[in-house]
Amino acid sequence: MKMKLFFGICTVLLAANLLTGQGNAADDIAVKLLVTDFERVPIKGAYIYVDSVKTRKKTNKKGLLTFKVGADTKWITVHSPEHGALSKGYTQQNEMLFQFPQKTTPLTEADMVALGFDTKIKARNSLNYSDYATVYEILNAKFNNA
């Protein structure tokens with residue numbers, strides 16, 4: 001009985017390990033962004049949107065940010081409440097420069113929503129476990145759809 005339990009636990013752990021390895025991590029591309037104003041002064045705290053969805057990422061005091069995006073990413077947008085928003089098509093490059101023009105229009109988060117951007121950052125554990133019948137379905141939803 002103890003051996004069956006041991007092998008059952010090992011099987012579940014092995015399956016979970018295999019499922020986590022099947023995500024898109026191999027397809028992710030590291031992107032380094034530099035965000036400046038028209039005088040090349042770095043912009044701190046600019047929010048990053050990937051395909052119109054807000055991320056948890058913001059630029060540092062040097063206007064820099066490095067993060068990973070999926071290979072299927074189409075657009076990267078930078079939003080600074082004081083400077084507005086800039087969008088660029090993403091073609092799998094590793095570095096991108098976002099330089100705001102001299103004349104800018106400040107945009108609030110409500111303005112971003114009006115433009116069609118999703119400003120709600122989803123919680124990491126946003127699964128409703130009662131929607132799933134088995135542990136396999138939960139693991140599949142959590143790791144394959146990430």
Quick shape check on the range 22-120: root eigenvalues a ≥ b ≥ c of the Cα gyration tensor, a/c under 1.5 is rounded, otherwise prolate if a/b tops b/c, else oblate, and it reads oblate
If R0 = 22 Å, then residue 120 and residue 97, at their Cβ-Cβ distance, give a FRET efficiency to the nearest 0.05 of 0.20
In the structure shown, of 44/88; 58/88; 32/103; 54/88; 68/103, the pairs separated by more than 23 angstrom at the C-alpha atoms are 32/103; 68/103
Lys and Arg at +1, Asp and Glu at -1: neighbours of residue 51 with Cβ under 13 Å from its Cβ sum to +1
Cross-link reach from residue 62 to aspartates and glutamates, straight Cα distance under 18 Å and at least 8 residues apart if same chain, gives 37, 39, 82, 95
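Laboratory data are not the source of any read-out in this text; all were calculated from the coordinates shown. Bear in mind that the values here come from a model prediction, so they are computed numbers and not experimental data. Because the Cβ atoms are built from the backbone with ideal geometry, glycine has one as well, and the counts that use them run over all protein chains shown.
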